[in-house]
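Undergrad: I'd like to ask you about the structure that follows.
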Amino acid sequence: MAAQHILLTGLGNRATQTLYQLGSATATAALTPLALIQLLDHDARPDRVIALCTEGAKSSTWQMFQDGVRKTLEIEAECVDIPDGRTGDEIREIVEKAAAQFAEGDELTLDVTQGLRHFPFVAYALGLYLTSLQGIRLRGAYYGMLEGFPHDSVQPRPIVD
């Protein structure tokens, strides 16, 4: 099987139409990873998109995410059901389920904006594991800066790598 470029993200329970900026380009989307896939150069876009979804995310934002990926990339997003990560065993389960999606030689783009507050730490541990022990190349780790702006600000929210 040929190596793939995979975007991995976690979904949260809320979505808000937001203007995002990556470099000098802007895009409006209800979820940061949907803006990210619009803003990445065509040759930097992923072949697969995987969303880690708790029960709450699956019932609230998954369908919107799936539709957005289909519209932008013309591929089907994949959902990996995960627990909330409230215990060490649940966090281990999240890491194991996510890691199982990758084959040696794959490339990874992470988006850590959405999801539960501790998701970026879990994603960091996962990224270290995949890159150091599984032969996965990290192409980028993105975060959409949604907070820290006045509520009435129309300034684009930066996506940082």
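Undergrad: So how many residues does the stretch 1-51 have that are of a type in the set (D, E) and open to solvent by less than 10 Å² (accessible area, probe 1.4 Å)?
TA: Result for the stretch 1-51: 0.
Undergrad: May I pose another question? For the condition in contact with a strand residue (DSSP E or B) (Cβ under 7 Å, 6 or more places away or on another chain) and touching a residue at least 12 places away in the same chain (Cβ under 8 Å), what is the one hit in I50, I91? Step through it out loud before you land on a result.
TA: Numbers: I91 fails: in contact with a strand residue (DSSP E or B) (Cβ under 7 Å, 6 or more places away or on another chain).
Criteria check complete, one pass: I50.
Undergrad: Looking only at the stretch 1-54, count how many residues are within 14 Å of the chain's Cα centre (by Cα) and hydroxyl-bearing (S, T, Y).
TA: 3
Undergrad: Which of the residues spanning the stretch 86-133 are in contact with an Asp or Glu (Cβ under 8 Å, 6 or more places away or on another chain) and either at pLDDT below 90 or among the hydrophobic types (A, V, I, L, M, F, W, C) (or both)?
TA: Once the filter is applied, which keeps residues that are in contact with an Asp or Glu (Cβ under 8 Å, 6 or more places away or on another chain) and either at pLDDT below 90 or among the hydrophobic types (A, V, I, L, M, F, W, C) (or both), the stretch 86-133 yields only L116.
Undergrad: Looking only at the stretch 39-61, which residues are of a type in the set (D, E, K, R) and out of contact with any Pro (no Cβ under 9 Å at 6 or more places or on another chain)?
TA: If the condition is that a residue be of a type in the set (D, E, K, R) and out of contact with any Pro (no Cβ under 9 Å at 6 or more places or on another chain), then D41, D43, R45, D47, R48, K58 are the ones that fit.
Residue by residue, here is whether (1) more than 22 Å from I37 (Cα to Cα); (2) surrounded by 19 or more Cβ atoms within 10 Å (Cβ to Cβ); (3) in contact (Cβ under 8 Å) with a residue 60 or more places away in the chain; (4) touching a Gly at 6+ places or on another chain (Cβ under 7 Å) holds:
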{"site": "G68", "(1), (2), (3), (4)": "no, yes, no, no"}
{"site": "L116", "(1), (2), (3), (4)": "no, yes, yes, yes"}
{"site": "I136", "(1), (2), (3), (4)": "no, yes, no, no"}
{"site": "R139", "(1), (2), (3), (4)": "no, no, yes, no"}
{"site": "G144", "(1), (2), (3), (4)": "no, yes, yes, no"}
{"site": "V154", "(1), (2), (3), (4)": "no, no, yes, no"}
{"site": "R157", "(1), (2), (3), (4)": "no, yes, yes, yes"}
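The values are calculated or read from the model by the stated rules, or taken from the named source; none is laboratory data. Given the structure is predicted, the values throughout are model-derived calculations rather than measurements. Positions of Cβ are backbone-derived with ideal geometry, glycine not excepted, and every protein chain shown enters the neighbour counts. Ligands, DNA and RNA are excluded from the accessible area calculation, which covers all protein heavy atoms including side chains. Shrake-Rupley method; radii C 1.70, N 1.55, O 1.52, S 1.80 Å.
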